[in-house]
1. Sort out for me the helices (runs of 4 or more DSSP H) sitting completely within region A:1-71 that have 3 or more residues that are within 30 Å of A:Asn92 (Cα to Cα) and either at pLDDT below 75 or among the small types (Gly, Ala, Ser) (or both).
2. Have a look at A:Asp229, A:Asp250, A:Asp237, A:Asp179 and point out the one that is under 30 Å from A:Gly151 (Cα atoms) and at pLDDT 90 or above.
3. Suppose the filter is within 14 Å of chain B (Cβ to nearest Cβ) and crowded, with 17+ Cβ neighbours inside 10 Å; does A:Gly172 pass it?
4. Taking the conditions exactly as written (assigned to a loop (DSSP other than H, G, I, E, B), away from chain B (no Cβ under 14 Å) and either over 36 Å from the mean Cα position of the chain (by Cα) or touching a residue at least 24 places away in the same chain (Cβ under 8 Å) (or both)), does A:Val111 satisfy them or not?
5. For region A:271-297, give me each residue that is part of a helix (DSSP H, G or I) and not aromatic (Phe, Trp, Tyr).
6. For A:Phe305, indicate whether it is closer than 17 Å to A:Lys269 by Cβ and of a type outside the set (A, V, I, L, M).
7. Taking region A:66-80 on its own, how many of its residues are more than 7 Å from chain B (Cβ to nearest Cβ), over 17 Å from B:Arg80 (Cα atoms) and without any contact (Cβ under 8 Å) to a residue 12 or more places away in the chain?
8. Output yes when any residue across region A:190-202 is in a loop (DSSP other than H, G, I, E, B), among the small types (Gly, Ala, Ser), touching a Phe, Trp or Tyr at 6+ places or on another chain (Cβ under 9 Å) and modelled with pLDDT of 90 or more, and no when none is.
Amino acid sequence: MNRGNDLFSRPSWRRFASLLIAGIASSLAACSVGTKLRNEASVLKSDLTPLKDEAERCQALKSFALAWAEIDFVHGELRQGDQPRANGHLANARKHVKDVQNQIKKCPAKVIPVVVVLADRDKDGVPDVQDRCPDVPGAKENQGCPVDTDGDGIPDNLDRCPNDPGPSENDGCPWGDRDKDGVKDNEDKCPDVPGPRENKGCPWPDTDGDGVTDNVDKCVNEPGPKENDGCPWPDRDKDGVVDKDDKCPDVPGVPELQGCPRPVYKLIKVEKKRIKLSQKIFFAYNKAKIDRKSFAMLDEVAQAFRDFPAIKCRIEGHTDNRGNKKRNKKLSGQRADAVRNFLVAKGVTADRLVAVGFGPERPLESNKTAKGREANRRVEFNIVDEEKPPNKGGPSSPGLP
Amino acid sequence: MPYRTLLISAAALVAACGPIEYTSMIMKADTALEKAERMGAPKYAPLEYWRAKAYFDKAREETGRNDYDFAIDYATQAYRDAKKAQDIVDEKKEKERKAAKEKANVPAPAPGPASAPGTPPR
């Protein structure tokens, strides 16, 4: 025991022991500092690692790389047991990590692309927010609206006439004018029949069919001439001859007498084909001189010519068969001429009268009896048509009584 | 005596082995780093380039302390990073070339009519 106490009580052993303790303590202290540095380096690295992407974006990779290397160097120095150098590298590493963080801070925030799917109802590729016509497909150049070349509001793809403006009712085509009456078909109630605009493109009707359309016809239900505004001419005396043509508008008459009544003759009768005489025309014996007592009747004949200005007559002279035939024919012609001259003297125009002598050629009755011969001696007024040329039987023949 | 000389020479060779290997590696790393820089690695592969450069500097620093083992490790690390930087530069430049080529090959859109006034489908 004492030997033991002696051993530890020796100065050399005491010094050794104190040195050993100091060494162990120093080693423990160094070990503790090294561990601390290693931990700090690890913490720094774990701080640095997640910054890589941001460092790349913000072009801070140089600082990142240097920080990374410095942290490695810390471990390297610690492996070599050089704590002061390790500490220096750790300080450098901190500085570089700080640089990385600062550069990231200064760097503009990362733009996260946001894909927004914009609504496009008409599927024309132009989103509704930019589409002037979101429900009608259209070109992008036209802000999503369909192209409308003629500007009529109807897109070309629906416009039957894309280059001519026209209403939608006509599929974008201008209204036509089929009947060329100047009224467009859409306003024309009769698009195939020309008519005035005032009657909506339809022709004016002509109810009474008088050729005067109802719009100017003052008597739409009564035919009338244009000169009288479509109304019939008045006919006061109701004789069928309108007043404007009626020389006797208040007395019923006949058309041949321009509305005047047929005159009443005492000695003659105007028939359709002849002027019938109530008695014979008397001549001087064997001469072509009219006897005075026949003047009254011939005056009435002249009056008839005045009353019927349209009639023309062939004055025929006839004889019986007694005596010279040639002479009879000549005398009958002369007597017809005499009558003609009488009438011309009374105002009848010569061109309305033709005198012809037939002699005995056209007897009415038998010449064998006195009565028959008496009937055959005569002068006739036969009415002829204007167109028919007068029967020129040559000059009169004698033989009339 | 000859046995002793041989032993000393061998010991010297072993002792000199560190600097030789270091010299070889540091030269390789230096060349690789220089090439990477010429290729544009600071722009295209900054992480690899700057880390390689840091390791390279550290390797030289370790040499000054005659700690060749660490120097070789750092030089090796520098060389690897420099080569990696070169590869990245190659890859990125190739991508750029392809993109430019594709852009050049895209035909210009044919000029179409200003408007289409033709008769639309009925």
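1. A:11-48
2. Unique residue meeting the criteria: A:Asp179.
3. Considered against the rule, which asks whether it is within 14 Å of chain B (Cβ to nearest Cβ) and crowded, with 17+ Cβ neighbours inside 10 Å, A:Gly172 comes out as yes.
4. So A:Val111 fits the description; yes.
5. Within region A:271-297, A:Arg292, A:Lys293, A:Ser294, A:Ala296, A:Met297 qualify.
6. yes
7. 1
8. The answer is yes; a qualifying residue exists.
The values are calculated or read from the model by the stated rules, or taken from the named source; none is laboratory data. Remember, it's a predicted structure, so these values are computed and weren't measured experimentally. All Cβ positions, glycine included, derive from the backbone under ideal geometry; neighbour counts span all protein chains shown.
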